[in-house]
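Here is the structure we will look at, set down as structure tokens.
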Amino acid sequence: MLRCFCVGMGGFIGAVARYLLSLIPIQSRLGFPWMTLCINGVGAFFIGCISAFAAKKGIGSTSLILFLKTGICGGFTTFSTFALESYVMIEDGKGVLSIIYMIASVLVCLGGVMLAQKMI
């Protein structure tokens, strides 16, 4: 039960942080979802940091790791929003922009994890 509580509390923090960041008025003339890309990139970087600390430094209990990785990072990042925004761009006739967004999302998030792993 403690593990569920840790995930839930972390998820609350991550989801609220994502919501607050989404209030920043960043608009793209082309409809490119910059904020979701940034949120997912930052989340990927942080989950990479957490994983590296846990693996290389032996830091963190199971509850702490669940709180940080599954809870905060899981609540903060937003794959479902990524999928919806990609679909909407395709439906709006912006297929090329959607593909650019999908590729950029994978590269930014993978790059964030890789950078974090190398830094720790």
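The values are calculated or read from the model by the stated rules, or taken from the named source; none is laboratory data. Fair warning: this is a prediction, and the values are worked out from it, not measured in the lab. Please note: Cβ atoms are built from the backbone with ideal geometry, for glycine as well, and neighbour counts cover all protein chains shown. With ligands, DNA and RNA removed, areas are computed over all heavy atoms of the protein, side chains included. Shrake-Rupley method; radii C 1.70, N 1.55, O 1.52, S 1.80 Å.
Remarks
- Residue match in segment 85-94 (condition: closer than 15 Å to Cys38 by Cβ and touching a residue at least 12 places away in the same chain (Cβ under 8 Å)): yes
- Only helices (runs of 4 or more DSSP H) whose full extent lies in segment 5-110 are considered here, and the ones with at least 3 residues that are open to solvent by 50 Å² or more (accessible area, probe 1.4 Å) and of a type outside the set (A, V, I, L, M, F, W, C) are 79-91.
- Criterion violated by Ala52 - all others in (1) under 16 Å from the mean Cα position of the chain (by Cα); (2) under 18 Å from Gly111 (Cβ atoms); (3) not polar (S, T, N, Q) satisfied: (1)
- Residues in segment 4-26 that are touching a helix residue (DSSP H, G or I) at 6+ places or on another chain (Cβ under 7 Å) and modelled with pLDDT under 95: Leu21, Ser22, Ile24, Ile26.
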